[in-house]
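Structure record follows, encoded as structure tokens.
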Amino acid sequence: MDRRFQVQYYDGLEPRGRPVECVVDSPDHFSLIARNDGQFVLEGTLSSLRFLAPSVPSAERIILPDGGYLEADPEIAAALAEIAPHRPGRLSRMLLRLERHRGFVLTSSAAFLAFLVLFFTVLLPAGSEWLAHRVPIAITEKIGAKTLPLLQDRFLFHGSRLDEETRAELRDAFQEMVDSMDSEHSYRLHFFNSPMLGANAFALPSGDIVLLDDLVDLAEAPDEILAVLAHEIGHVEHRHGLQMVINNSVLVFMFTLVTGDFGSLTGAAASLPAILVESGYSRRFEFEADAFARELMIERGIELEHFAQILQRLTGYDSGSTVLDHISTHPPTAERVKRVLED
């Protein structure tokens, strides 16, 4: 007995397949031989194979015991299933028939797409929020300690050109504001100059808040700067940065499962600084941080008009950088101002 079939072999680690010849040389034994060089790839028993649904219309998937799989034309897959010692049982045969039924495939595809929409719009955001609020403060502190130096290198942070008196006044006002809060976070204010990022401020999950010189220059009053800092504190208190990191990690993990590209996991860890700075917060996150800033400003006796003015001024600001430009997920400034100033 010596039957040969042309199939595609996937080892389960690399996304690309390898053309091989499946040689069946006994009732329950097969070998895979590379078609390009004739080298032996692996061997196994026909009874250990599992026949699944077509992964594309012209190919069916055959699962190997080691986690790899074969893709074969339907005729070849049917021939292998026919000569395998243990043919698919009644349930398996029924499933295979359903998988070949166009109506069933279309209905299943629609249901899967509906689930994906539900997952990405409801389940993932809710799950990341739940998990983010359960991450210990000690972990967020470690994130900040590792991320801040990476940000300095990635975005070419330079020492602040603000004079010591200005920095001291802003730091004292900031500290007085956070001391009035009942928070589990420890907040630290950092001053940098970054031509790449321009007039901006952002917060790390650890409570480290970066204030860039150009934003201080843009502000016309110290209370405008405090309004921006209160907004950044709102992101920390609501753990928006952690939620973004969790969301991104889930997406990378799902991509890895689909493609088999495990290098993406390492890349995700390396891209943490960019996630926190470049991605931009969602509309919901911005509104939540604005609402937090509004309440904190009222408690501190800071006029809300200062927040509205710096928001409007930032909208018209152009540093020549596109790193933190407003994107479509951001709410319009006019809507944010209206919410801040409403009674």
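None of the figures in this text is laboratory data; all of them are computed from the coordinates on show. In this text the structure is predicted, and so the values were computed from the model without any measurement. Cβ coordinates were reconstructed from backbone atoms using ideal geometry, including for glycine residues, and neighbour counts include every protein chain displayed.
For residue 184 paired with residue 112, estimate the spin-label separation in nm (one decimal), with each label point 7 Å from Cα along the Cα-to-Cβ line.
The two pseudo-label positions are separated by 4.0 nm.
What is the set of long-range amide H partners of residue 188 at a cut-off below 5 Å, with H atoms built 1.01 Å from backbone N?
208, 209
Can you work out ³J(HN,Hα) from phi for every residue in segment 300-316, in order, using Karplus 6.51 cos²θ - 1.76 cosθ + 1.60 and θ = phi - 60°, giving whole Hz and x for Gly and Pro?
8, x, 8, 5, 5, 4, 5, 5, 4, 5, 6, 4, 5, 5, 5, 5, x
Could you put 285, 119 in order, starting from the residue whose Cβ has the fewest other Cβ atoms within 10 Å? The partial results should precede the final answer.
Details: 285 21, 119 14.
If I rank by nearby Cβ atoms, fewest first, I get 119, 285.
Under a Cβ-Cβ cut-off of 14 Å, what is the net charge of the residues other than residue 129 that fall near it, where Lys and Arg count +1 and Asp and Glu count -1?
Values: positive: 134, 239, 284; negative: 237, 288.
Local charge sum for residue 129: +1.
How would you rank 177, 244, 254, 196, going from fewest to most other Cβ atoms within 10 Å of each one's own Cβ?
Details: 177 19, 244 22, 254 12, 196 15.
Starting with the residue having the fewest Cβ neighbours, the order is 254, 196, 177, 244.
In what order do 76, 139 fall by count of nearby beta-carbon atoms within 10 Å, going from fewest to most?
Values: 76 18, 139 12.
Taking fewest neighbouring Cβ atoms as first place, the list is 139, 76.
Report the full-extension gain for the segment residue 172 to residue 138: residue separation times 0.36 nm, less the Cα-Cα distance, to one decimal in nm.
On the way: separation 34, 0.36 × 34 = 12.24 nm, distance 2.51 nm.
That pair, residue 172 and residue 138, stretches by 9.7 nm at full extension.
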